[in-house]
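Everything below concerns the one structure shown next.
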């Protein structure tokens, strides 16, 4: 039978075992629906009660534009070396260690950065992960990348799912997203062609390292 969203929900719910916190990674190329899936999973798992799941996006570890300018990488923003991969891996390690050391009731809130798309900048301390969270869902392009500091990320994740979406639909969504946040149609198309799709090729090569490939039919509807 085809994989469904309910199947994904059940699999995510079963990841924490023995009272320990689990971390689920959702990878995929730009525009594949990673954030939409993560947000829906967390919303469904939490319901209206005490937060049991938390969403921690990788995008909060974008380097600031001022640092990208200093490094000469501003025109490649979104490539692997335009993130603080070591910082991201360290945060994932802390999320696991805090839960193990403090337990669900006595641990500290861990704050993660977010990425503000209107500003196109990271924002520190914007995502609280309460000690009650037994599952952390993190998503981003490079969770399965095996080079540099990115190689530390995979070891900190209990499972990684790979979102797979037809290229034409991914590109449509990406262009629409860039337009929604201020780019002209021409600039959006150029950025997708020259930056996003180069990154997508790199991400696609990591697909076989995932524990599960999520087809379009199992993902929530993306309205973008």
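Tabulated data
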| quantity | calculated |
| --- | --- |
| Contact order normalised by residue count of segment 149-224, Cα under 8 Å, 6+ apart, percent | 51 percent |
| Cα convex hull volume per residue for segment 150-224 (Å³) | 117 Å³ |
| Taking only Cα atoms of segment 6-159, radius of gyration then Dmax in Å | 15.4, 47 |
| Rg and Dmax of segment 1-53, Cα atoms only, in Å | 12.1, 35 |
| Distance between segment 48-97 and segment 142-180 - C-alpha centres, whole angstrom | 13 Å |
| For segment 75-224: span of alpha carbons on each principal axis (Å, largest first) | 52, 34, 32 |
| Contour excess over end-to-end distance, with Cα ends at residue 152 and residue 169 and 0.36 nm allotted per residue | 3.0 nm |
| Square roots of five times the Cα gyration tensor eigenvalues for segment 72-155, Å | 26, 16, 9 |
| GNM flexibility winner over the chain from 90, 79, 114 (Cα, springs under 10 Å) | 90 |
| Sorted peptide list for 181-190, 53-62, criterion being average Cβ within 10 angstrom, highest first | 53-62, 181-190 |
| Per principal axis, descending, Cα span of segment 124-194 in whole Å | 44, 28, 23 |
| At 0.890 mPa s and 25 °C, Stokes D of segment 135-175 from Kirkwood alpha-carbon radius, µm² per second | 204 µm²/s |
| Protection proxy ranking, peptides 68-78, 197-207, average beta carbon neighbours within 10 Å, highest first | 197-207, 68-78 |
| Kirkwood hydrodynamic radius of segment 22-92, Cα pairs, Å | 14.0 Å |
| Mean Cα-pair separation over length for the chain, i.e. relative contact order, pairs under 8 Å, 6 or more apart, % | 33 percent |
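Each reported figure results from applying straightforward, stated rules to the coordinates on display, with no laboratory input. Predicted model, so just to flag it, every value in this text is computed and none were measured. Using ideal geometry, Cβ is built from the backbone for each residue, glycine included, and neighbour counts are taken over all protein chains shown.
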